[in-house]
Amino acid sequence: MNLEHRVGQLLIIGLPGKQLDLMTRGLLETIQPGGVLLMSHNIESAQQVVDLTSSIRSLLEVPPLIAVDQEGGRVDRLKQIFSPMPSADLLRASGDASIAARLGEIIAEALRTLGFNLNFAPVLDIAVDDSVNNGVKGRYLGSSVAEVVRLAGAYLEGLQRGGVIGVGKHFPGLGGADIDSHESLPTVERSREDILKKDVAPYLELFSKINARLNAIIVAHAHYPAFDGPAALPASISKNIVSGLLRDELSFKGLALTDDLMMGAVAQNRNPADAAVMAIEAGNDMVMIADSKSQEPPTAAWEAMVAAAREGRITKHHMSRSFDHIARIKSMVSPPLAYSENAVARLRERVAELNLILQHSK
């Protein structure tokens, strides 16, 4: 690959519509992104999503990561296709790890049937105050490390047994945030010791050698003064958090990617091009520019990253390490399953059955 396409592998981008028009095809062919995230505005029906993911794969030289946020509950991108999937609140109320594992298995089959191979779930944030509207409300699996690890670990096992990789979020933790990072930058005023003991603990437990269930994480858009001092720097572009804490102190060898750089927490103060370069310099493997209806933000970010690579700001060593991490994740996923309306109908029934079990276990 030439340098431009090598840099493209470090990007996960969003798409403007439900089909690939000429401009979007040109965007994919030019950038050759390592991944694509489909959001609600990209999803209409099962056959439409299958056609879309197939078209994406056909245009990219390197088989891509095709991702979706499929948590269930508040964040359920596929509710128009399958029965609405159980929320984290329901799983938490049941406390049943076997149901979490079964949900993971069902989601894996559903995603592979539609052509996905990466799921931006589970949420690993620890609930501090369930009433706070910080963007994670209703999405917590627990208020203790043990509770989150047990349910998230079982979910990850089920999901990954089915050939789809789960991505834990939002590192190092948004449970202590009091505003929504989709809108503006939260500041998490907790001590370093408290963050390590509570927020970071589920990550460390799940990517330890013993468990090895967590192979990819999303870094949060929140400011942590305990690591970065008073300057309002999002964790997603912080060397202290990505390189210092995640890579050096915790020895994470998996895939690290930013949350969407189009979110208000970053976009209010930085353009996506500058933020993308800073995110890679901080130690991330991939940057996400997803929630954009135009091709300008991903194109600008890609061009800035190419320029930074030529200048040596993004080093060959960093790119090589990121390629290794990306390739490892891609080697772990399974190909799409054969699509049929009967397969979708069976999955709807399985989701409905699981919802019924959870309603009775409350």
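The order of E61, E341 by accessible area, most exposed first and with a 1.4 Å probe, is E341, E61.
Highest mean first, the peptides 112-123, 253-264 sorted by other C-beta atoms within 10 Å per residue fall in the order 112-123, 253-264. Of all aspartates and glutamates in the structure, the ones whose alpha carbon falls short of 13 Å from that of K198, not counting any fewer than 8 places away in one chain, are D125, E147. Which distance in Å, rounded to a whole number, links the C-alpha centroids of region 286-321 and region 252-282? Using only Cα atoms to place each centre, the spacing works out to 10 Å.
Averaged per residue, what accessible area in Å² does the chain show with a 1.4 Å probe, protein chains only?
On the way: 13860 Å² over 362 residues.
Here the residues of the chain average 38 Å² of exposed surface.
How much of the accessible area of region 69-146, probe 1.4 Å, is carbon plus sulfur, in whole percent? Don't skip to the end; give the middle numbers.
On the way: 1060 of 2340 Å².
Answer for region 69-146: carbon and sulfur cover 45 percent of the accessible area.
About its Cα centre, what dipole magnitude does the chain give when the only charges are +1 on Lys and Arg Cβ and -1 on Asp and Glu Cβ, stated in debye to the nearest 20? Can you show the working numbers first?
On the way: 36 positive and 42 negative charges, 166 e Å.
Roughly 800 debye for the chain.
Partners of K316 within straight-line reach, counting lysines whose Cα lies under 21 Å from its Cα and excluding those fewer than 8 residues away in the same chain: K239, K253, K330. Straight Cα distances below 18 angstrom link K18 to the lysines K79, K293, with same-chain residues fewer than 8 positions distant left out. Here, P(r) means the percent of Cα pairs in each 5 Å bin from 0 to the largest distance; for region 1-126 it is 2, 10, 20, 21, 16, 12, 9, 5, 3, 1, 0.
The values are calculated or read from the model by the stated rules, or taken from the named source; none is laboratory data. On a predicted model such as this, the values are computed, not experimentally measured, just so you know. Note that we place each Cβ from the backbone using ideal geometry, even for glycine, and neighbour counts take in every protein chain shown. The protein model used for the area step is the full one, side chains on, heavy atoms only, and it has no ligands, DNA or RNA in it. Shrake-Rupley method; radii C 1.70, N 1.55, O 1.52, S 1.80 Å.
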